[in-house]
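The values are calculated or read from the model by the stated rules, or taken from the named source; none is laboratory data. The model shown is predicted, which means the values in this text are computed figures rather than measured ones. Reconstructed Cβ throughout: ideal geometry from the backbone, glycine too, with neighbour counts over all protein chains shown. Ligands, DNA and RNA are stripped out before the accessible areas are found, and what is left, the full protein with its side chains, is counted by its heavy atoms. Shrake-Rupley method; radii C 1.70, N 1.55, O 1.52, S 1.80 Å.
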Amino acid sequence: MDKAFLHQEYEQKLYALWDKHHTFQPNMKNKKPPFSILLPPPNANASLHAGHAMFVIEDILIRWKRMQGHPTVWIPGTDHAGYESQYVYEKHLAKQGKSRFDFDRETLYNDIYSFVQQNSGLIEEQLKLLGFSLDWSRKTFMLDDHVVSTVYDTFAKMVKDGLVYRDHYIVNFCPKCGTTFADLEVKHEERKDPLYYIKYGPFVVATVRPETKFRDAALAANPKDKRYKDWIGKTIEVQGVLGMVKMTVIADEEVDPEFGTGIMKVTPAHDAHDFALGRRYNLPVTPIIDTHGKMDFSWFLQSEKTKSTEPKHLERVQKYHNKSVRDVRALMVEDMKADGLIEKVDENYTHNVTVCYKSGHDIEPLVLPNWFVRMKPLAKPAIEAVKKKRIQFVPKRFEKQYYQWMEHILDWPISRQIVWGIRIPVWYSVQENPNIQVTFLDSEHIRVTGTVQEVLNQGYVLEEIQKGLQSLRAPVDATYVVSDKAPGPDYLPETDTFDTWFSSGQWPLTTLHYPESKDFKMFYPTAVLDTMWDILFFWVARMIMFGLYLTKDVPFKAVYLHSMVTDEKGQKMSKSKGNVINPIDIAHEFGADALRIALVAGCAPENPIALSKEKVKGYRNFGNKLWNIGRFIVMMKEQGAENSTDQVLTKDDQSLLTGVQLLTKQTQKYLDEYRFSDAALGLYDFVWNTLANTYLEHTKSREDKDCVFSTLLLAFTSCLKLIHPFMPFVTEAIWQEFVKEKLVDDPLLITAAWPRAEH
RNA sequence: GGCCGCUUAGCUCAGUUGGUAGAGCGUCCGGUUUACAUCCGGCAGGUCAGGGGUCCGAGUCCCUUAGCGGCCACCA
């Protein structure tokens, strides 16, 4: 044996050894209850980061249960990562001077597919480097046929059950990404913007978004506000930038009399709050901003209004038309100033602006037809399940957050206007829905937009439209057929795809081949779901809802939410701070074992997981300590010591063996309670202090070598078993040395029996 | 604005039925020619954020103040 444990020489060989003996696959013949975990799927084209290394928690549980003799499986997979991947691909296109608009839907999808395939596979190798005992024979990709087919079935069931509806609804639309986002996917940025006080007939109204003024549907004041009491219900004439407009004053409790002047303009098409007001008072929804974030005045330019409008105002409309929101705001503020319509401007107004968390672009609240899922009926059983303790949250405090969110859940917009994803399996008859808007590339590769009726009249045939189809927008009341394939010759497909979380929310079902497979029957519900707390709502809550909806059973019995891996000071790792630690580099330098236990030991589940080279180095030393104890035992054997159970134990021997008993019990208890740090620290302390520094040093002078040898061998092999889930490589490496020396019977530590604690 | 955490040795943090303050790293002193210098022995270092309360007894339970962090909702 070498003087030190040289991890580089063992890790890959040992992983191959485990693999060769199929130890990662469950032993279905075991009679104990099955134990299963699903790996939260990393992006298919991602590379491993410190967060992924936290999956070590899952490997610890898996290795532990496997040694205990449960049929155990840990299933890996990768996610297509919806717009994340499309975003990366579009950047790649941009480098070639192209954009997504140069391709039809199908071509773009296939190109992204190849792109993702090219960049995938890396993460699998990296997960292996860390020693994760995943069953690769069961790996799943989010766009595998059987996954897509389950997602289709679920959608069809939801449609049948009345849980899916289409509606015009105000959604977060990112003009840069070209898609809708759920509320969870946007963030808020504090910003200082001018607050304009605009004259509105007899009133003054405060707003940061004067450009939406063109489509105001009403004015609103608080019913208790004396200043405006007499005006409620009255219609007034207002001088605007484009001439006179009529406006009715409504009253609503939600208007804050303290803000601005206490009276607000209502623009249902471009503000979530105003949209709600509009619904309550039946106000018309009249958009003026399009999906590119540009001001669209076609409603004006194509109407009779142009005839009765003063030339000055008409010029303004032409000036504003098709310009960006920001530009128009500046232009119209100038015009309003010229007309004397601005009373004052508060330049120091700070407020929160909604921005896209992917691109950082300002979110435009737009009213668009979208697919929604009714969440209340799904949330109810999901709340019940946790209340009845069918699912346990660790740490417990997340339960509160869960209830809080689930009890106030809003309907979920599931449609995304991107190509890279699972297409919503819906088809529209063009005969029944001539008003469907389509954009497609014709056979000459020219981009054509219009209603189906219009383009058919222009001489295009349906086949050409479908072949070059980029996007389709059906009116909310369009008739549709749910089907994965075209139900007939005159149908066009929906082009929206599902929100990523719609498919990943069904991960426990799809990975286990719900509903008929042996795996599903054996391993559902899974034992525990471990992930970082930041996707509790995105993912965990959705899996619970889908699981209960489809199977009436929870998808997992426990949720373990680990923290974020940070640098040694508890600072979030980021490229700009330059404090990013690449786990693969660390594993390379100090060994995967050292990294693994360093991520677990000394970390409370509530706190950030501080990782530093120094800490990893400390645990590398621990691995080496184990190695040298093993080496010491082998040397004793070479010097003639013999192992036999027939020994007269001294007090030291007995106390060591009692210590191992206690340690076994303690480790068992800690693992049962998800207290990984306590388990790891307890093992570390026992081996280093009790076994090595105390027992081993005391016995060096003893004459009864056989007794020492036997005791030490028994105690140490038990410790190796207990430590194996945390540090699989060094423990297995030592075990293999022991196998060579015929000191142990089990050929592999990974499948050796877990020590029994006597009671 | 609503909710949830955190504040313990120089640094990073444990401390889960309330019972004499702990670990790792670092500092300093000393040691070791065969298990390991990726080692061993030892010293120093904390009024457990501030204040109040319950209790025979509080780092631990309750109230409160301050600082830091997180989640949710975001009113023009």
Partner aspartates and glutamates for A:K95 [C-alpha distance under 16 Å; skip if fewer than 8 residues away on the same chain]:
A:D111
Give me the percent of the accessible area of chain A that comes from carbon and sulfur atoms, probe 1.4 Å, all protein chains in place.
50
Packing-based order for A:659-665, A:705-711, using average beta carbon neighbours within 10 Å, highest first
A:705-711, A:659-665
Sequence order, the stretch A:404-417: Karplus ³J(HN,Hα) from phi using 6.51 cos²θ - 1.76 cosθ + 1.60, θ = phi - 60°, Hz rounded, Gly and Pro as x, gives 4, 6, 5, 6, 10, 5, 10, 4, 9, x, 9, 9, 10, 8
Viscosity 1.306 mPa s, 10 °C: Kirkwood-radius Stokes-Einstein D of chain A over Cα pairs, µm²/s
53
Compute the angle between helix A:376-387 and the longest alpha-carbon principal axis of chain A, please, reported from 0 to 90 degrees and rounded to the nearest 10.
30
If amide hydrogens are placed 1.01 Å from N in the peptide plane, which non-local residues have theirs closer than 5 Å to the one on A:Y169?
A:L368, A:N370
Name the long-range amide H neighbours of A:T566: under 5 Å, sequence gap of 5 or more, or other chain; modelled H, no Pro or chain starts.
A:I609, A:A610, A:L611
With the charge dipole of chain A built from beta-carbon charges (+1 for Lys and Arg, -1 for Asp and Glu) about the Cα centre, the Cα from A:G243, A:V600, A:S114 projecting farthest to the positive end belongs to A:V600
Multiply the residue gap between A:D706 and A:K192 by 0.36 nm, knock off their C-alpha separation, and tell me the result in nm, one decimal place.
177.1 nm
For chain A, the per residue accessible area (1.4 Å probe, Å²) is 45
Going toward the positive end of the dipole of chain A, with +1 on Lys and Arg Cβ and -1 on Asp and Glu Cβ, which of A:F259, A:T531, A:I422 do you reach last?
A:F259
Mind pulling the angle between the C-alpha long axis of helix A:705-723 and the longest principal axis of chain A? Nearest 10 degrees, somewhere in 0 to 90.
10
Please list A:119-127, A:35-43 highest first by mean number of surrounding beta-carbon atoms within 10 Å per residue.
A:35-43, A:119-127
Tell me, what HN-Hα J-couplings in whole Hz come from the Karplus equation 6.51 cos²θ - 1.76 cosθ + 1.60 at θ = phi - 60° for each residue of the stretch A:58-64, using x for Gly and Pro?
5, 5, 4, 4, 5, 5, 5
Nearest-20 debye value, chain A charge dipole, Cβ charges on Lys, Arg, Asp, Glu:
1100
Once the dipole of the stretch A:1-47 is set up from charges on Cβ (+1 Lys and Arg, -1 Asp and Glu), the residue from the list A:P34, A:L6, A:F24 lying farthest towards its positive end is A:P34
What FRET efficiency would be calculated for the residue pair A:S308, A:H361, taking the C-beta separation as r and a Förster radius of 30 Å, to the nearest 0.05?
0.20
Accessible area, 1.4 Å probe, largest first: how do A:S443, A:S677 sort?
A:S443, A:S677
Out of the DSSP beta bridges found with both residues in the stretch A:74-215, what percent are antiparallel (nearest 5)?
80
How much of the DSSP beta bridge set in chain A is antiparallel, as a percent to the nearest 5?
75
Using only DSSP helix segments of four residues or longer, with each worth -39500 (n - 2.57), what per-residue ellipticity at 222 nm results for chain A after dividing by its residue count and rounding to 500?
-11500 deg cm²/dmol
With contacts defined as alpha carbon pairs under 8 Å and 6 or more residues apart, what's the relative contact order of chain A in percent?
16
When Lys and Arg each count +1 and Asp and Glu each count -1, what net charge do the other residues less than 14 Å away from A:K637, Cβ to Cβ, add up to?
-1
Sorted by chain and then number, the residues having a modelled amide H within less than 5 Å of the amide H of A:N579, at least 5 places away or on another chain, are A:S574
Links exceeding 31 Å between C-alpha atoms in this model, out of A:K234/A:K337; A:K400/A:K552; A:K389/A:K625; A:K31/A:K613, come to A:K389/A:K625; A:K31/A:K613
Taking the Cα centre of the stretch A:1-113 as origin, sum charge times position over the Cβ atoms of Lys and Arg (+1) and Asp and Glu (-1), and report the length of that vector in debye to the nearest 20.
600
Spit out the partnerless Cys residues in chain A, using Cβ distances under 4.7 Å as the pairing rule.
A:C603, A:C707, A:C719
Cβ charges +1 (Lys, Arg) and -1 (Asp, Glu), total dipole of the stretch A:402-530, debye
280
Per-residue counts of other Cβ atoms within 10 Å, averaged by peptide: what ranking do you get for A:694-701, A:539-546, highest first?
A:539-546, A:694-701
May I ask you to evaluate 6.51 cos²θ - 1.76 cosθ + 1.60, the Karplus curve with θ = phi - 60°, for each residue of the stretch A:587-601 and list the ³J(HN,Hα) values in order in whole Hz, giving x for glycine and proline?
4, 5, 6, 10, x, 5, 4, 4, 4, 4, 6, 5, 6, 10, 6
